[in-house]
Each structure stands twice: as structure tokens, then as C-alpha cells.
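Heads up: the structure comes next, in C-alpha cells.
Quick note: the coordinates plus some simple rules give every number you see, no bench work behind them. Since this is a predicted model, take the numbers as computed values, not measurements. A quick note on method: Cβ atoms are made from the backbone with ideal geometry, for glycine too, and the neighbour counts reach across all protein chains shown.
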Amino acid sequence: MDTDKSIDQILLEEFPPPTWEEWLKAVEDTLKGADFSKVMKTKTYEGITLNPIYRKEDLEKLSFLLSEPGIAPYLRGNDPQKRLRESWKIAQAQEEEDHVRLNEVILDELSRGLSAVNLSLKTADRKHGISINSAEDFKRILKGVDLHAAPLMIQTDLEQLALLDWFKAYAEEEGIDLKSLPGSIGFDPTGELARKGSLPMELHPAWDSMLKAVNWALENAPCMRVISIDTRCYESAGASAVQELAFALSTAIGYLDGLTASGLSIEQLAPLFQVKLSLGSNLFMEIAKLRAFRLLWAEMIKQFGGSADAQKIWLHARTASFNKSTFDIYTNVLRTSTETFAGVLGGADSLEVDPFDSLLKTPDEFSRRIARNQQILMGEEAHLNKVIDPAAGSYYIESLTGQLAEAAWKLMQELENEGGMIKALLSGTIHSRLAEVSKARIDAVNKRKDVFVGVNMYANPEEKAVKLRELYQNPETEAVKLSEGALPVLRACMDIEALRNRVLETKTGKNMSVCMVNVGSLAVNKARQDFAIGFFQAGSLDVVNPGFFETAQEAIEAAQASGASAYCICGTDDSYLTVVPEVCKALSDKPLVLAGYPAEQVESYKQAGIDVFIHIRANLYETLSELVNLMEVKK
């Protein structure tokens, strides 16, 4: 052994790193003729193709790699030292309608880790939330709150412009220095139009209201962000990461075009903006999304002539709603944990985590505490508040950041060529773009390509019917109205959940069970049996499983004795040649299901009496809907 060599040198000589070509050949050999591009590469809803491995060579064309924290384009955050000192703002939403009780909740949560006061207002289209109608209301709500330590954050609508004057009056009465006060009372008329499908005033008065808000901030509170672009309405309609970024960017361009044309400078306007982005369950995509937006924002402000300092943007992140379930709701905690992690690693300035049960009811102290503690754990136990841009240097994330930024910029340019976001909303372009993506995402859940634990896979057979909390209502005033209406509020698993509720409600007055007609040995057929049982349980159908039988006649007798509303034949494809005709003849009074899809025999089995086939490529929602329809018809 050469003692002059380090252990690293010796290991490299003994185990030289493989070349890309060697790795590729080894992978292709294991695929046994399968297409590498189809098997090993993944196409996302953003139109981006993910590679199975990323290398240094994938980063060669990325111009932002050498950017440093606190330096334009702020990929790695606006102010690294402040980030380490203060961490991100834990900005959990508050919606308690009683002002005295709300104040108690805020003070309690501030003592337990909350670091921003995020008030969710009741609006013309939202049934629940806080109503503020005077400076006295602010006084009751914020009693004992230090707004310099825990900044105020409010997302407002156009008809709530008076909030600014009420807040000013409150601040003056309390001796609060507005000139240095951070926080946000932010408007987003474009997002409001998309969310509601209408505006309470014509576009010119709406623009005047926004201009008044900007002038109010410049005159009274220059550190308050009064333009708050909120992408939640697009995310809840099924938007991809690229769409969310592009829509936010195009919205900002529309605002900046109008405001600079009114005589205001980009240096005055840039600090008044914040952007609220949603966080989905695709961890690396969401990390890259936040980082990509900083790049996009900096480039946009630069194109408007903004200085390096003006290129900063406050990013508020909120966990998504499109991917949440109403069944097995504790799995939402797992989803929001991933999303919280993405928000922290992506560098959000403030972060809001929805309680796991918010789709079903007003969150209570327990669910709010779980949501708040998810953020606290990231900082205090994982120590992620001690690291600047922990994703830096990852070949995958850096590459994905560049791809997202490029794709979003391209889509933004398309929207601008069409006249901008307002025109795209009025023409229905935004609706159609979102519908294409949301359909693909919902179909993927219905086909179980995307797994939702507790909903389309591993469903709990003991769960009862659930009812969505009523969150929305139609606005009464409609001065400007979208021909396509408000953007839809969707969820990826909504179809399957609706089917499950239908079955659960039907079961109160009718037997909705499926009996397994198992022929053959357990050892050979268990995998197919387990698949079939899981398939039915995803539709909340009861499953009667009398076990496996050596003969079809024994299985038939057990099925007839079960009292089930449908039967599922389970065995091997070879055994079906004799079993299917015999079972179909004996059990023709109820819907018949076959576990499997023997392609060459499908037509003959249909003629024999098989109504439904369940298999790995079946559309879960459509297949179960067909079966449920038959079960409700056949007694």
C-alpha cells in the first residue's frame, strides 16, 4: 500500500467512477429492450421532462448558478443575514369572526410561535372570515399586538379600500409609526376578477381604487405592501407550476404598465409588491417554483428599468388546496408537511399552512396547532432557519429552476401578446388553459396514476360520508363579469370522493356489497384478490370475502349465501375459460365483475354476462361508477 496516497486517492484508483456512457449502458441492459426515454423519463403537468439522473453538464447553460445570497437576482433570498436572525414569518391565517375571541387567539398563538398576524377577511364571495368596518375593529382585534414584531397581513378586495384609512386612524390613535411599519394590506383586482368571476365596479374605477391604495402607501406607510398578487385562485383551479408563475408575472406587468403610466417610478412601486404562491405535493417542483419566481421577478423589474435593490420581492407561500382530501383527512398532514418543507427550502419570506380539516369545518385549536407546529419543527428541530438556500448546488433542483423559469417566461410572453391577464380572463383563455391541465390531473387520480392515500388507494372501509364546508357564495354585485364565470374551485380527488359519498349515503338504505367469487388457491390468486378488494374499497363498497374454493360450484354457493349486491370473479386467466361461463350462468341476477382483463376473451366474457372488468389500467372512477349504477338498478 502506498502510504503517500490519501484514502480518497486509493479508493478512486480501486473504484474509478463510471462514465455517463457506462452508466447508461448498464441501465439499458436492465431494461431488457424497453425504451429508456419512456421508462426512465417522466413528463410533468408543466410540460417538463424529468431525467432519471442529473449531472454537472445539465447546469452548463444556467446563468444564475454563481449568484450569491442577498445579491440580484435574489435566487437565494433577499437578505441572508435577516433570514438567519429572524427566520421566515409563520403567518397562519386567522378567521375567528368574534373580535374579542380573535384577539385572544392571536395573542395565544403569538406566544406559541406565530410571528405574523394574517387576517382572513369575509368577502362578497367567501362566507367565512373576519369583518372589519372601523378603526375600533382594528383596535379590538390587535389589542396588545406589537405589529413591528408580528407584521399585519391582510388580503383585500376592491370594496374594502376603506380598510387603509381605518388602519391609519387606528395607528395614529395607538401611536404606531406607520412610516417604518412592515406588513401588508394588499389588493389584487386581477386575481379578484378571476376568483369571483366579476368585479363590483367597472375597470376604470377599479384601477382608480388601486392607484389610491398605492398613493396611500407612498404617503403614509412606504414599508406596507399594498399590491398582493394571490395565485390561490389559479392553483385551486388546477394550475401547473408554470401557469401559476406566468399568471402572477403577467398580472404584475399589467399593474406596473398602468402605474408607471400614471407617473410613478419603478423604484417607488417595486417595494409595494408581494406575491402569494401555492405549494403542492411535488416537493422538488415546488422548491424550484419559488426559486424560479425570484429569477423571473428580478428580470421583469430589470426590464422596467428597476435597480438591483428594486428587484427584490416578498414571497408568501401557502399550502395548496387542489391536492387535499376530505377522506382520511390526517393524510393532509403528510401533504402539508411536504409542502411546508418545500416552502422553507424554496426560501419563502412568510409561510401559511392550512389545517388538515379546513375543508370540512372551521379549524379548531388542535388542527391549528398541528399546522403551526409543522413550521416550528422545520426551524427549531430541523434547523432549516440556520441555512441559506439549502437547495443550492443540487443538480436536479438548479436544473429544474432554470426549466421552470424558461417555460413560465415563455407563457407570460404569450399572454402579453394576447393583451395581458385581464384580456385573457375576459376572453376565456385562462379558463381553457387551466381546464386542460386540471382535467389531466383529475384523470390521473381517477386512473390511479397519481396515488392519493386514503382516497383512491388504501381507503379506509370504516369511514362515513363527509360533507364539504360551505366556503363560497355568489357575489351580489357584478359590474364587470367574465363570460366563463369564476374560475372553478377543484380538487384532484373530487370525483372519487363524490362517488364514495354517494355510495355511503346509498348504503344507509340498501345493501352495497360485493362478494368475492374466489376459485383456485390463495397462494396463486392472493395478489389479484387484494387488488380487487382495494379497488372496491376505494369506492366505499363493502366486500364479502368467503375465501378461496377449489371448484366454481362451491364459490357460487358461498356467493349466493352472502346476500351481496354484486359478485366479483377472482382467479387466474387460464381458469376463467371454464369458471366464467359457469359462474355467469348461476349468478346472472346480480352485476358481475371480473378481476383482470384477459384481452382475447373480453368480448366472449361480456356475452357470457360479465358487466365490469377491474384491472390495473382501469379508470377507477368510471369503472366503479358503472358498477354502482348497476347495483342500484339490479335488486
In this model, which of K324/K467; K41/K324; K89/K143 are farther than 18 Å apart at the alpha-carbon?
-> K41/K324; K89/K143
Run through the DSSP bridge list for the chain and note the antiparallel percent, rounded to the nearest 5.
-> 10
Considering the values (i) 39; (ii) 28; (iii) 49, which represents percent of Cα pairs over 40 Å apart as calculated for the structure under consideration?
-> (i)
With charges only on Cβ, +1 for K and R and -1 for D and E, what is the dipole size of the stretch 7-59 about its Cα centre, in debye, rounded to 20?
-> 400
So the angle from the long Cα axis of helix 395-417 to the longest Cα principal axis of the chain, reported in degrees to the nearest 10, equals 70
Which ³J(HN,Hα) values, rounded to whole Hz and listed in residue order, are derived for the stretch 176-186 from phi using the Karplus coefficients 6.51, -1.76 and 1.60 in 6.51 cos²θ - 1.76 cosθ + 1.60 with θ = phi - 60°, glycine and proline given as x?
-> 8, 6, 5, 4, 10, 7, x, x, 7, 10, x
So the FRET efficiency between T42 and A599, C-beta based with R0 = 35 Å and rounded to 0.05, is 0.85
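So what's the net charge close to T340: Lys and Arg +1, Asp and Glu -1, counting the other residues with Cβ under 11 Å from its Cβ? Intermediate results must be reported in sequence, preceding the final value.
Values: positive: R318, R335, R372; negative: E286, E339, E352, D354.
Cβ neighbours under 11 Å give a net charge of -1.
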Choose one of S588, G571, V628: the residue whose Cα lies farthest towards the positive end of the charge dipole of the stretch 554-635 (beta-carbon charges +1 Lys, Arg; -1 Asp, Glu; about the Cα centre).
-> V628
For the chain, averaging the sequence separation of alpha carbon pairs under 8 Å that lie six or more residues apart and dividing by its residue count, the contact order in percent is 14
Long-range amide H contacts for L152: which residues qualify at under 5 Å (H placed 1.01 Å from N, peptide plane, sequence gap of 5 or more or a different chain)?
-> V117, S184
Using R₀ = 45 Å, calculate the FRET efficiency as 1/(1 + (r/R₀)^6) where r is the Cβ-Cβ separation of L84 and L12; round to 0.05.
-> 0.80
Evaluated at q = 0.09, 0.11, 0.18 Å⁻¹: base-10 log I(q)/I(0), Debye formula over Cα of the stretch 272-420 = -0.33, -0.48, -1.09
Compute the long axis of helix 522-537 from its Cα atoms, compare it with the longest principal axis of the Cα atoms of the chain, and write down the angle in degrees, 0 to 90, nearest 10.
-> 50
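If R0 is 25 Å, what FRET efficiency do you get for L66 and Q303 from their C-beta distance, rounded to 0.05? Spell out each step's value before the answer.
Values: r = 21 Å, r/R0 = 0.86.
Plugging the Cβ-Cβ distance into 1/(1 + (r/R0)^6) gives 0.70.
In whole percent, what relative contact order does the stretch 138-237 give with Cα contacts below 8 Å and a gap of six or more residues? List each step's numbers first, then the result.
Working: 112 pairs, mean separation 34.0, N = 100.
Reported as a whole number, the value is 34 percent.
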Once both labels are modelled 7 Å past Cα along the beta-carbon direction, what's the E136-E57 spacing in nm?
-> 7.3
Inter-site label distance for S180 and Q553 at 7 Å from Cα along Cβ, in nm | 9.4
Can you give the angle from 0 to 90° between the axis of helix 620-633 and the longest principal axis of the chain, with both taken from C-alpha atoms, to the nearest 10?
-> 60
Using a basic spin-label model with each label point 7 Å from the Cα along Cα→Cβ, how many nm lie between A169 and Q413?
-> 5.0
Taking Cα centroids, how far is the stretch 22-51 from the stretch 187-221 in Å?
-> 48
Counting sequence-distant residues (5 or more places) and residues on other chains, those with an amide H built under 5 Å from that of D354 are T319
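Given C-alpha coordinates of the stretch 80-429, what is the ratio Rg to Rh with the Kirkwood estimate of Rh?
Values: Rg = 19.1 Å, Rh = 20.5 Å.
Using only Cα positions, Rg/Rh for the stretch 80-429 is 0.93.
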Within the stretch 308-404: Cβ-based charge dipole about Cα centre, in debye rounded to nearest 20 (Lys, Arg +1; Asp, Glu -1) | 140
The size of the Cβ-based charge dipole (Lys, Arg +1; Asp, Glu -1) of the chain about the Cα centre, to the nearest 20 debye, is 720
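Relative contact order of the stretch 522-622, please, whole-number percent, based on alpha carbon pairs below 8 angstrom and at least 6 residues apart.
This gives 26 percent for the stretch 522-622.
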